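Novice: Let me begin by handing over the structure; questions about it come next.
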Amino acid sequence: MLFTPQSDFGRPLRLGTRGSPLALAQARLTAQALIAAHGWSADAIKIVTVQTSGDRIQDRALADIGGKALWTKELDRALVAGETDLSVHSMKDVETVRHDIFHIAAMLPRADPRDKLIGASSFDALPPNPIVGTSSPRRGAQVKRLRPDATITLFRGNVATRLAKLAAGEVHATLLAAAGLDRLDQGNVGTIIPVDTMLPAPSQGAVGIEILAGNAPVIEAVAAINHRDTFDTVMMERAVLRGLGGTCHSPIAALALVDGDDLMLRAEIISPDGQETVSENLRLACGDLDAGEALGRALLDRASPALRALFEA
C-alpha cells in the first residue's frame, strides 16, 4: 500500500532543517522532490526550522567549540524526540561517525562541488599580502599554498553575512561553495576555482536526508529520491575521512567521480601553512568503502610527523 503522511501518520511529514537561507532552500528542494516522486499534495510535508549552535555562535571557529556536531546535534535531538521525521543536512557538515540510531537514507543530486573565489578574478590578481577570509582549515591551507603571503582571517556567518563583510572591506577576498551560491540564485557571484587548483571538501555540494534507523516507512519513501551516483561518491569521500580520523582542525580535501562502474577518487591533506601536501588518485570499485578508508590511512602514513599530528588530536 502506498505510504502517504496524512493517511499513515494523520499529519504532514515533518522535515527538520537549520534556519539559514541556504538550509531552507535545500529543505524546499527535498520537499519538492518527495512531492514529485510520490504525487503527494503540497501540504503533505511541513518544514520545521531548528536553530543549531553553529548558527548561534558566529565569532569562533567551529573546531574550537565542538566541530561539526554544532550543525547536527539539535536536529538529532528533534528527530529522537519525535518532533521531526527526517533531517535535511549539507553532507559536508555531518560528522563522519554517526550513532547507529541514525540512517542516511538518501541524497539529492549533487550540485557543483567546486569553490568560488569572491573579491578577485584569480589568486594572482590579489594584492601583495592579501587578507583572505575563511573559517575552513582546508581553504586556508590551500590559499596559503597558492599565496604564501596571504593572511587568513576567521570568516563565519551565512552567505549574505560573508558577502557583506567582504563588501565592507574587512578582507580582500573570501571563498564560498559554488553549490550554495547556485541554490541561493547567486550563481553569478565569484569565479570558479578548478579542482586542480583547489580540491573541494569531502561531500561539498551534496544534500543528505537522515532518518531514525527504525522508521521503515519513511526510509522507504525517501529512498525514491535518492540519487545513486551522489550517494556512492559522497559515501566514498566520507570513507576517506574515516580513514584519516580527521577533525575540523584538519585540512582535508576529497572528490570522487563516477567513471563507468568505478569511482575515480582524489584526496589530499595539507599543512596549515600550505607548504606540505600529500595527495593520492585512485580508481576504486563503487561501494568499496574499505578501500576509501585505506586511502585515508595511506595519506597519513606518507605525511610528516607535524602534519600527521593534526589528525591525532
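Novice: More than 26 Å from S279 (Cβ to Cβ), part of a strand (DSSP E or B) and out of contact with any Ser or Thr (no Cβ under 7 Å at 6 or more places or on another chain) - does that describe any residue in the stretch 112-135?
Specialist: No, there is no match, as no residue in the stretch 112-135 is more than 26 Å from S279 (Cβ to Cβ), part of a strand (DSSP E or B) and out of contact with any Ser or Thr (no Cβ under 7 Å at 6 or more places or on another chain).
Novice: Which one is modelled with the lowest pLDDT, of the residues in the stretch 25-43 that are farther than 15 Å from V218 by Cβ and either aliphatic (A, V, I, L, M) or not assigned by TED's automatic domain parsing to the domain that holds H89 (or both)?
Specialist: So the residue we want is A42.
Novice: Just to be sure before I move on: is L300 free of Cβ contacts under 8 Å to residues at least 40 places away in the same chain and in contact with a Leu (Cβ under 9 Å, 6 or more places away or on another chain) in the structure I sent?
Specialist: In short, no.
Novice: Of (1) touching an Asp or Glu at 6+ places or on another chain (Cβ under 7 Å); (2) more than 30 Å from V80 (Cβ to Cβ), G190 satisfies all except one. Which?
Specialist: Of the numbered conditions (1) touching an Asp or Glu at 6+ places or on another chain (Cβ under 7 Å); (2) more than 30 Å from V80 (Cβ to Cβ), the odd one out for G190 is (1).
Novice: Right, next: Take the residues in the stretch 169-193 that are among the polar types (S, T, N, Q) and assigned to a strand (DSSP E or B), then tell me which one is farthest from V143 (Cα to Cα).
Specialist: T191
Novice: While we're here: Name the residues in the stretch 49-63 that are at pLDDT 90 or above and either in a helix (DSSP H, G or I) or surrounded by 17 or more Cβ atoms within 10 Å (Cβ to Cβ) (or both), would you?
Specialist: V50
Novice: Ok, one more. Where in the stretch 220-313 are there helices (runs of 4 or more DSSP H), lying fully within it, with 1 or more residues that are closer than 24 Å to Q142 by Cβ and β-branched (V, I, T)?
Specialist: Passing ranges, in order: 228-244.
Novice: Among the numbered criteria (1) basic (K, R); (2) at pLDDT below 95; (3) out of contact with any strand residue (DSSP E or B) (no Cβ under 7 Å at 6 or more places or on another chain), which single criterion is violated by R110?
Specialist: (2)
Novice: Let me ask another. Can you tell me which of (1) under 18 Å from the mean Cα position of the chain (by Cα); (2) more than 22 Å from A256 (Cβ to Cβ); (3) modelled with pLDDT of 95 or more is the one N158 doesn't meet?
Specialist: Tallying (1) under 18 Å from the mean Cα position of the chain (by Cα); (2) more than 22 Å from A256 (Cβ to Cβ); (3) modelled with pLDDT of 95 or more, N158 fails exactly one: (3).
Novice: Now for a different question. I'd like to know if the stretch 194-208 contains one or more residues that are surrounded by fewer than 18 Cβ atoms within 10 Å (Cβ to Cβ), at pLDDT 95 or above, part of a loop (DSSP other than H, G, I, E, B) and not β-branched (V, I, T).
Specialist: Yes, the stretch 194-208 contains a residue that is surrounded by fewer than 18 Cβ atoms within 10 Å (Cβ to Cβ), at pLDDT 95 or above, part of a loop (DSSP other than H, G, I, E, B) and not β-branched (V, I, T).
The values are calculated or read from the model by the stated rules, or taken from the named source; none is laboratory data. Remember, it's a predicted structure, so these values are computed and weren't measured experimentally. Methodologically, a virtual Cβ is constructed for each residue, glycine included, from the backbone with ideal geometry; neighbour enumeration extends over all protein chains shown.
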